Each structure stands twice: as structure tokens, then as C-alpha cells.
Amino acid sequence: MKLGSLFEKDPSLQKPFNSVFTATTYNLGPQVVCFPHVDFANLPFGFCAITAIGNFDPSKGGHLVLWDCKLAIQFPPGSTALILSRVLSESHSNTRVTAHE
């Protein structure tokens, strides 16, 4: 069931925030690394937005890794990627930034 249909069926439901996305996760803190994972509950046709924040040297770390595609992509602060995370059968992750970042 798509989100609009769900809200029509149960008017007591409320959106958690004003966005096209129904959920969000923030990985905050020094040297955050998102280990390889699959977003198995996402819609196959829905995009997942990944944004890099902070201050780090993207040539040394913070790469977006798409394991299905065998890619490690330099991902500078302020970058956003839209991926079909449910379509990728293997995981995605990011690499560690350097110790002082």
C-alpha cells in the first residue's frame, strides 16, 4: 500500500514530518561509518537520499560504497545521492574519514 492510500484509509495517522520521505536516519558523531547494509523494507521504486555532512577530505575517506556496482565514490561534504536502495541486492556503506575529521 502506498503512503497516500494508507492516510486515506486511516485519517488518524499523521505524517512524522513534511517530506516526501516517510522516515529518516541521522548518523551523527565523530567519524561515523555506516556499515554495509540493505534497506530491505524500502519500496523497490522509491529513492533513498544519502547526504554527506561535516568537514572532511573526500579524497581520503567518506566514500559512498555501492557493493552491487563495485563502486567506491568520492562523496564530498554537501553531496547528495539518490539510490534505489531496495533494488540493490547487495549492501551500500561508507568509508571512514581520517582521525582528526
Item to complete: Would you please name the residue that is farthest from Asn27 (Cα to Cα), looking only at residues in the stretch 69-96 that are of a type in the set (Lys, Arg) and modelled with pLDDT of 90 or more?
Response: Lys70
Discussion item. Against the definition (out of contact with any strand residue (DSSP E or B) (no Cβ under 6 Å at 6 or more places or on another chain), in a loop (DSSP other than H, G, I, E, B) and without any contact (Cβ under 8 Å) to a residue 12 or more places away in the chain), how does Asn27 come out, yes or no?
Written reply: yes
Worksheet item: Quick check: is even one residue across the stretch 56-68 in contact with a strand residue (DSSP E or B) (Cβ under 9 Å, 6 or more places away or on another chain), surrounded by 11 or more Cβ atoms within 10 Å (Cβ to Cβ), modelled with pLDDT under 85 and not polar (S, T, N, Q)?
Response: no
Response to the item:
Listed by first then second residue, the pairs whose first member lies in the stretch 1-24 and is outside any helix (DSSP H, G or I), whose partner is modelled with pLDDT of 80 or more and not aromatic (Phe, Trp, Tyr), with beta carbons under 8 Å and at least 6 positions apart or on separate chains, are Met1/Lys9; Leu13/Leu6; Phe17/Thr24; Phe21/Ala49
Worksheet entry | Pairs with Cβ under 6 Å, 6+ apart, first in the stretch 81-101 and touching a residue at least 12 places away in the same chain (Cβ under 8 Å) and farther than 15 Å from Leu71 by Cβ, second of a type in the set (Gly, Ala, Ser) and surrounded by 16 or more Cβ atoms within 10 Å (Cβ to Cβ) | Arg96/Gly61; Val97/Gly61; Val97/Gly62; Thr98/Gly61
Worksheet item: Taking the stated definitions as given, is Val38 touching a strand residue (DSSP E or B) at 6+ places or on another chain (Cβ under 6 Å), touching a residue at least 24 places away in the same chain (Cβ under 8 Å), surrounded by 11 or more Cβ atoms within 10 Å (Cβ to Cβ) and of a type outside the set (Lys, Arg)?
Response: no
Discussion item. For the stretch 82-98, which positions are touching a Leu at 6+ places or on another chain (Cβ under 8 Å), within 9 Å of Cys48 (Cβ to Cβ) and not basic (Lys, Arg)?
Written reply: Ile83, His92
Discussion item. When the residues of the stretch 43-68 are narrowed to those that are of a type in the set (S, T, N, Q) and in a loop (DSSP other than H, G, I, E, B), which ends up farthest from Pro30 (Cα to Cα)?
Written reply: Ser59
Worksheet item: So which residues in the stretch 27-55 are at pLDDT 85 or above, within 24 Å of Leu3 (Cα to Cα) and of a type in the set (Gly, Ala, Ser), if there are any at all?
Response: Ala49
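The values are calculated or read from the model by the stated rules, or taken from the named source; none is laboratory data. Quick caveat, the model's predicted, so the values are computed rather than measured. Every residue, glycine as well, gets a Cβ built from its backbone with ideal geometry; the counts of neighbours run over all protein chains shown.
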